[in-house]
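Here's the structure we're looking at; comments come further down.
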Amino acid sequence: MTADPRTIVRQCFEDVVCRGDMAVADRVLAKDVVFTTVSGEVLRGRGEFKRFAEAFRSAFPDIRFQFEAEVCEGELVSTRYVMRGTFLGTLMGLLPTGNEFSVRGIDTFRVVDGKVVEIYASFDTLGQMQQLGIVPKL
């Protein structure tokens, strides 16, 4: 019996991104998963997603998500959340500021036969960068 797609998506957020459990990534992500980042960059394959998740978690080791809404229809699961964390590690050449952030986002996943095959991420990156002290507030 295949797990509920919503459960699989929660495992991506909580176990893989928040806890860094890459064994879960191997279990719930398709080998050829396609991940579109908030910048529009397309990462292909489980290995690239795992490297991204590890880098994100390294920059924000206390990363956490508060789930606000979830819609599941067929293969698609969309999750609205508040993401919080503290910038404590280098990310894409940016030095940590020690600042905390709290931003909203909506990610959409496509789950086929119990595996995530596609992820489209979207969150308030400008708000995040402003809160982290990387770009000035307008």
Report whether or not Pro96 is open to solvent by 40 Å² or more (accessible area, probe 1.4 Å), assigned to a loop (DSSP other than H, G, I, E, B), more than 20 Å from Ala3 (Cβ to Cβ) and touching a Phe, Trp or Tyr at 6+ places or on another chain (Cβ under 7 Å).
yes
Between Val71, Val17, which is assigned to a strand (DSSP E or B) and either modelled with pLDDT of 95 or more or β-branched (Val, Ile, Thr) (or both)?
Val71
Selection over the range 28-56 where residues are under 23 Å from Leu88 (Cβ atoms) and touching a residue at least 40 places away in the same chain (Cβ under 8 Å) yields a count of 4
Which condition does Gly89 not pass, out of (1) surrounded by 14 or more Cβ atoms within 10 Å (Cβ to Cβ); (2) in a helix (DSSP H, G or I), if it passes all the others?
(2)
Cβ-Cβ under 6 Å pairs, at least 6 apart or on other chains, the range 1-13 side open to solvent by less than 60 Å² (accessible area, probe 1.4 Å), far side of a type in the set (Gly, Ala, Ser) and modelled with pLDDT under 95:
Ala3/Gly114
If you take the residues in the range 38-78 that are open to solvent by 70 Å² or more (accessible area, probe 1.4 Å) and touching a Lys or Arg at 6+ places or on another chain (Cβ under 7 Å), which one is farthest from Cys18 (Cα to Cα)?
Glu75
Tally of residues being closer than 18 Å to Arg57 by Cα and among the polar types (S, T, N, Q) across the range 74-122:
6
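The values are calculated or read from the model by the stated rules, or taken from the named source; none is laboratory data. Nothing here was measured: the structure is a model prediction, and the numbers come from that model. Here the Cβ is made from the backbone with ideal geometry for all residues, glycine too, and neighbour counts use every protein chain on show. Ligands, DNA and RNA are excluded from the accessible area calculation, which covers all protein heavy atoms including side chains. Shrake-Rupley method; radii C 1.70, N 1.55, O 1.52, S 1.80 Å.
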